[in-house]
Amino acid sequence: MPIQVNIQSGSITGGSLSKGCTFEWVNPTNNPVQLTNCGNFCTQDNYNVPANGTAQAQIMAMPNGLPYAFKDPAWNTGGQPHISAPTRDLDAEKEVA
């Protein structure tokens, strides 16, 4: 079994992450998810993880986990990606009295 990182809980199964290792992002939800700002610790900056699916990933040989290295200054936790869920137009269902 490969190393897997659950995008919903953050749990890691199948081993531990280390420099240069490969792993799978696991999406246990019913919605596709895009992970962004991973480029300081993974070989790709963005990952599209299908609903109830996985996406192959690899840790960089020399990851940069320092908070200031991330593109989004509001996201200052080293070594963690952003998760963006699909959104809908909430005003479309607004009830008018």
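FYI, it's all coordinate maths here, none of it is from the lab. Source: prediction; values computed, not measured.
Observations, loosely collected:
- Estimated vicinal HN-Hα couplings, Hz - region 31-43 in sequence order (Karplus 6.51, -1.76, 1.60; Gly, Pro = x): 10, x, 10, 10, 9, 10, 6, 9, x, 8, 10, 10, 6
- Residues with amide H under 5 Å from that of Cys42, placed H, sequence gap 5 or more: Met60
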